[in-house]
Amino acid sequence: MGFRSCVSLKLWYHSIAMVFSDGKEQELHEMFMEAALVLAREAARHGEVPIGAVVVRDNQIIAEGYNLRETNRDPVAHAEVVALRKAAARLGGWRLTNCDLYVTIEPCPMCAGALIQARIRRVIYGADDPKAGAAGSVVNLFQPGLFNHDVEVIPGVLNVQCGQVMKEFFARRRK
C-alpha cells in the first residue's frame with residue numbers, strides 16, 4: 001500500500017498549492033514529510049526498517065518508496081533508491097533536476113551518492129542517523145563543491161516523529 005491509497009494523504013493534494021502560494025515553505029516540507037512517514041510505517045508493517053521517501057517535482061509527489069531490502073532480498077533497495085528509480089521511470093530519464101527528495105532518515109553514503117548522481121535539487125530529511133548518516137552525522141557527502149553536482153540539504157523536518165518511528169520499530173524487534 002502506498003500513499004495514494006491512504007484517504008488522509010489524498011486530502012493533502014488539495015491543500016498543497018494553497019500552502020505553497022501562502023509562502024509557508026515549512027508547512028509544505030512537513031506535508032511531504034508526512035507522506036514519507038506514512039510510507040515508513042508501511043515498511044514497518046512489512047518487517048522492513050521503517051524509512052520512507054517521496055520525490056517531489058513542481059509541488060507534486062511523482063514517486064514514492066520505502067525500504068524493500070528484506071522483501072526483495074536486495075541490498076540496495078533503500079527507500080531513496082526505490083523512489084529515485086520510480087521517479088526516473090516516470091520522467092523518462094535519470095536526470096531528476098528540479099526534483100526534491102523527502103526521506104524520514106538522513107541518507108546513508110550509498111543513497112547520498114545516488115542522489116548526487118540523479119541530480120536531485122534538494123534532500124529534505126527528518127531524523128539524523130548517527131551510525132550511517134552521510135549528510136553530516138558521520139560524513140558529509142553533500143558538502144558543496146565536493147562532487148560535480150551540489151545537493152541542498154534541509155535537515156530536521158518532523159525530526160521527532162521520524163525518529164520515533166525508528167525507535168518504536170527497534171523496540172518491538174527487541175521484545
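The values are calculated or read from the model by the stated rules, or taken from the named source; none is laboratory data. Quantities reported herein were computed from a predicted structural model and do not represent experimental measurements. In this analysis, Cβ positions are derived from the backbone assuming ideal geometry, glycine residues included, and neighbour counts consider all displayed protein chains. Just the protein is used for accessible areas: all its heavy atoms, side chains included, with ligands, DNA and RNA removed. Shrake-Rupley method; radii C 1.70, N 1.55, O 1.52, S 1.80 Å.
Before moving on, here are some points about what is shown:
- Looking only at the range 26-54, and only at residues there that are among the acidic types (Asp, Glu) and open to solvent by 40 Å² or more (accessible area, probe 1.4 Å), the one that is modelled with the lowest pLDDT: GLU27
- Residue match in the range 10-25 (condition: under 26 Å from GLU168 (Cβ atoms), among the aromatic types (Phe, Trp, Tyr) and at pLDDT below 95): yes
- Among residues that are within 15 Å of the chain's Cα centre (by Cα), part of a strand (DSSP E or B) and either farther than 22 Å from HIS29 by Cβ or not hydroxyl-bearing (Ser, Thr, Tyr) (or both), LEU84 is not included.
- Residue check, GLU70 open to solvent by 80 Å² or more (accessible area, probe 1.4 Å), in contact with a Pro (Cβ under 9 Å, 6 or more places away or on another chain) and not in a strand (DSSP E or B): no
- Scanning the range 118-137 for residues that are open to solvent by 60 Å² or more (accessible area, probe 1.4 Å) and either within 13 Å of ALA53 (Cα to Cα) or in contact (Cβ under 8 Å) with a residue 12 or more places away in the chain (or both) yields ARG121, ASP128.
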